[in-house]
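Encoded as structure tokens, the structure appears first; notes follow it.
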Amino acid sequence: MNIVKGQGMMKPLFTIAVALMMVVPMAQAAQSCSSDQIEALEEDKQFFGPLSWPVCKALPNKPELTLASYYVWTDGGPAGERVYQWNTLIMDSSSHEVLAKYRQQIEEDSYTKVRPDSIWLDTANYALNQQTRAFGVRLDIGRKPTCSKEYKGQYFSLFVYREHILSPVLERLPMEYSRVHDGKDCGNNQRWDKEVAKSQLQMLSSKHYGFADIKVKSKGKMTYKPKNRQRDKSRTHVQTLWFDGERYRFVESELPGYLWKDGDF
């Protein structure tokens, strides 16, 4: 689960690990929605499609508020070719009234697939400053096409709720990567050298426009098939995201999955 180093919002530096987490039934139950919450979400949705895989969790620093998120299937045919609306909301924990919402369209394609239990509400202490605590939502919607060399997933978004407005300040940052450097990860008699990386976030004491800078640290490790070829090789990629007054922005070409090309390990 997420690891927070340091306690309280007055610490100048603390580290939040947001590595990939296996969602076991007990953990999933911790963010299940009550029947009353489900009813409120049904009333909130814009489309006639089914309410898909809703999750709900009270904010630890403000238990009177509940964070919720769900999908609605809006268009498309078979699984893997559908269009969904992804919804994230803040609700009153007692009345279940929807106080603020954010909606975004997700189109399935060769690299994206919406699946059950793919939303995880991350309410760790993402302190952007002494007055503002953000919360995260992770989407496990990454998809690796057959024989593709690259994969990215565990998309992480960071939200701020203030003055009855729910705003994303970081949108769908990939937190997991893999790349086949040699061979093929498909078919029979597979043989490959593959690099797998997971990321961590570190909230820094430095700030831009009043919000803390965020260091993204991604550690890659080589894996091999067959395993008798195993060699201990790893490396780390670091970049810093800073708030520009509206968002924390990142450049796709500067992410590890794009920078770590064949032959440069």
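The values are calculated or read from the model by the stated rules, or taken from the named source; none is laboratory data. What you are looking at is a predicted structure, and each value in this text was computed from that prediction instead of being measured. In this analysis, Cβ positions are derived from the backbone assuming ideal geometry, glycine residues included, and neighbour counts consider all displayed protein chains.
Using the structure shown, decide if residue 3 is modelled with pLDDT of 90 or more and not polar (S, T, N, Q).
Details: modelled with pLDDT of 90 or more: no; not polar (S, T, N, Q): yes.
The answer is no for residue 3.
Can you find, within region 96-136, the residue that is surrounded by the most Cβ atoms within 10 Å (Cβ to Cβ) among those that are of a type in the set (A, V, I, L, M) and assigned to a loop (DSSP other than H, G, I, E, B)? Quick ask: steps written out before the conclusion?
The initial filter retains those residues of region 96-136 that are of a type in the set (A, V, I, L, M), namely 98-100, 106, 114, 119, 121, 124, 127-128, 134.
Next, from what is left, pick out any that are assigned to a loop (DSSP other than H, G, I, E, B): 114, 128.
Details: 114: 23, 128: 21.
Only one residue fits best here, namely 114.
Among what's in region 47-72 and is of a type in the set (Phe, Trp, Tyr) and modelled with pLDDT of 90 or more, pick the residue that is nearest to residue 163 (Cα to Cα).
70
Residues being at pLDDT 95 or above and surrounded by fewer than 16 Cβ atoms within 10 Å (Cβ to Cβ): count how many of those fall in region 159-170.
Residues flagged as at pLDDT 95 or above and surrounded by fewer than 16 Cβ atoms within 10 Å (Cβ to Cβ) within region 159-170 amount to 2.
For region 182-195, how many residues meet the condition of being surrounded by fewer than 17 Cβ atoms within 10 Å (Cβ to Cβ) and either in contact with a Lys or Arg (Cβ under 7 Å, 6 or more places away or on another chain) or among the hydrophobic types (A, V, I, L, M, F, W, C) (or both)? Walk me through how you get there before you give the answer.
Here is the first cut: in region 182-195, the ones surrounded by fewer than 17 Cβ atoms within 10 Å (Cβ to Cβ) are 182-184, 186-191.
Now narrow it down to the ones that are either in contact with a Lys or Arg (Cβ under 7 Å, 6 or more places away or on another chain) or among the hydrophobic types (A, V, I, L, M, F, W, C) (or both): 183, 186, 190-191.
Here the count works out to 4.
Check region 86-98 and report whether any residue there is more than 22 Å from residue 161 (Cα to Cα), among the aliphatic types (A, V, I, L, M) and in contact (Cβ under 8 Å) with a residue 12 or more places away in the chain.
There is no residue in region 86-98 that is more than 22 Å from residue 161 (Cα to Cα), among the aliphatic types (A, V, I, L, M) and in contact (Cβ under 8 Å) with a residue 12 or more places away in the chain.
Going by the conditions given, is residue 204 over 27 Å from residue 89 (Cα atoms), touching a Lys or Arg at 6+ places or on another chain (Cβ under 7 Å), modelled with pLDDT of 95 or more and surrounded by 15 or more Cβ atoms within 10 Å (Cβ to Cβ)?
It is true that residue 204 is over 27 Å from residue 89 (Cα atoms), touching a Lys or Arg at 6+ places or on another chain (Cβ under 7 Å), modelled with pLDDT of 95 or more and surrounded by 15 or more Cβ atoms within 10 Å (Cβ to Cβ).
Residue 220 passes all but one of (1) closer than 23 Å to residue 139 by Cα; (2) modelled with pLDDT of 95 or more; which number fails?
Every condition holds for residue 220 apart from (2).
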